[in-house]
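Following: one structure in structure tokens, then a few remarks.
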Amino acid sequence: MGSLQLFHSFSHSVSPATNLHRPLNKGRVNASLNMDVEAPNPLKLKSNGSNEVIEEEAKFIVGSYARSPVVLSSGKGCKLYDPEGREFLDCAAGIAVNALGHGDPDWVRAVTEQANILTHVSNAYYTIPQVELAKRLVSNSFADRVFFTNSGTEANEAAIKFSRKFQRFIHPDNKQPATEFITFTNSFHGRTMGALALTSKEHYRSPFEPVMPGVTFLEYGNIHAAIDLIRNGMIAAVFVEPVQGEGGIYSATKEFLQALRSACDDAGSLLVFDEVQCGLGRTGYLWAHEAYGVFPDMMTLAKPLAGGLPIGATLVTERVASAIAHGDHGSTFAGSPLVCSAAISVFNKIANPSFLSSVSKKGDYMKELLNQKLGGNPHVKEIRGWGLMIGIELDVSASPLVDACRNSGLIVLTAGKGNVVRLVPPLIISEEELKHAAEILHECLPALDNSN
């Protein structure tokens, strides 16, 4: 068949796009050739007020988020602003993501310069920023190699796959290698199906069951239960957060992590530290586990690493990496030149010992302030945390206090069972700003009595 005949045949067998059935009554432009078509205005949204944005979100976005009734349109440092110009002190940092605050000049420079050079080519090719970031992570950690992802949940998915592949690799003749996992109460490892199976909150899992089988939840800190289960020889890996964030700002004990390390070594299981929230300077240590002197086989990172751009990383020892072959795992977007350049600018700042020391100092200052201003309130049960990862546990729901703070210009989060106020501000926050945050929290305490 000649090329012209083939084209003729094809053109008559496939309906042209103009004949596809699409609804014409939903506010879309009818792009008929004899009509004037208004070009989209990319700046239109910027002129919208908060109420209009909230109304439009309800029309066009899948309703999976219970958002606070605030539209955030710009930010600088530790301050955020809505379209009407109201100012908020940011002690949430995009859920512990914006470690350098908003609009850090070195971060902006790294992103804009790289965007003008090369943004994305996929992992089918080598790129310089990815290798440079990997070198920094390896040189400053227990790890020998890095696998890049786009988020924390993806980093944990990679760790799940690597754990099972590792067990098959070191036991090639075993027809039933270890495939099960241990995780703990109050854990949060992500919302994709594997990571979700490792997440303890039942209401996250139940709508999507059956999730990945073979996961056992043990009490966080229960050494004897963990050792007994690891010894059965069927545990591919143990996933644990050295400091739990979403779970309520709970810190592991050194004895607990040491016991997990020893039991995993004895049984051939892998130990995975999820430092998606507590890692990269948040606790005043570069990695939270450094404070314990206990080191994992794998560590997962994400939130602050690229300063607000999507990234995740699974750091592994050479022993684990040796089990992974070409094609075992992959990602189209992960480790792009743009995102890795941003991450290098973030890592260079946070890894500086003086920067980490300032985080510890400011964290101690903030906990002292909170104990002074909030400690005497009957609703406040405990103030805990490391560095700038602080939880205020209440005997009632924290939501009224969080709402009152927001109305007074302070953004904070909840954690745990909804009874913990979580403070995870940008790591650059000043002592003056921390003092202001503590004052707002104190002034808003009556909201707990009014609502409960």
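The values are calculated or read from the model by the stated rules, or taken from the named source; none is laboratory data. These figures come from a predicted structure and were not determined experimentally. Glycine gets a Cβ as well: all are built from the backbone with ideal geometry, and neighbour counts include every protein chain shown. Heads up: the accessible areas ignore ligands, DNA and RNA and are worked out on the full protein's heavy atoms, side chains in. Shrake-Rupley method; radii C 1.70, N 1.55, O 1.52, S 1.80 Å.
Laid out as a table, the results:
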quantity	calculated
Mean accessible surface per residue for segment 105-351, computed with a 1.4 Å probe while every protein chain stays in place, in Å²	42 Å²
Segment 329-360 residues near the modelled residue 124 label - backbone nitrogen below 20 Å, point 7 Å along Cα→Cβ	329-339
Segment 89-137 shape via C-alpha gyration tensor axes, a/c threshold 1.5	prolate
Whole-angstrom gap from segment 344-393 to segment 165-216, using each part's C-alpha centre	32 Å
Carbon + sulfur, % of accessible area of segment 105-351 - ligands and nucleic acids excluded, 1.4 Å	53 percent
Relative contact order (%) - segment 173-324, alpha-carbon pairs under 8 angstrom, separation at least six	18 percent
Distance between modelled label sites at residue 219 and residue 68, nm, 7 Å Cα→Cβ extension	3.5 nm
Mean Cβ count within 10 Å, highest first, over the residues of peptides 264-271, 385-392, 183-190	385-392, 183-190, 264-271
Segment 304-321 - phi-based ³J(HN,Hα) in whole Hz, Karplus 6.51/-1.76/1.60, Gly and Pro as x	x, 4, 10, x, x, 8, x, 7, x, 8, 10, 8, 9, 6, 4, 4, 6, 4
Cβ crowding within 10 Å averaged over residues, with 368-377, 434-443 ranked highest first	434-443, 368-377
At R0 = 22 Å, FRET efficiency that the Cβ-Cβ distance of residue 54 and residue 399 yields, to 0.05	0.70
Helix-only CD estimate at 222 nm, as mean residue ellipticity for the chain, using -39500 (n - 2.57) per DSSP H run (n ≥ 4)	-11000 deg cm²/dmol
Shape call, the chain: gyration tensor on alpha carbons, a/c limit 1.5	oblate
Shape category assigned to segment 105-351 from the gyration tensor of Cα positions, a/c cut at 1.5	prolate
Label-to-label distance, nm, for residues given as residue 117 and residue 145 (7 Å Cα→Cβ offset)	2.6 nm
Over segment 311-452 - Rg/Rh using Cα atoms and the Kirkwood inverse-distance radius	1.12
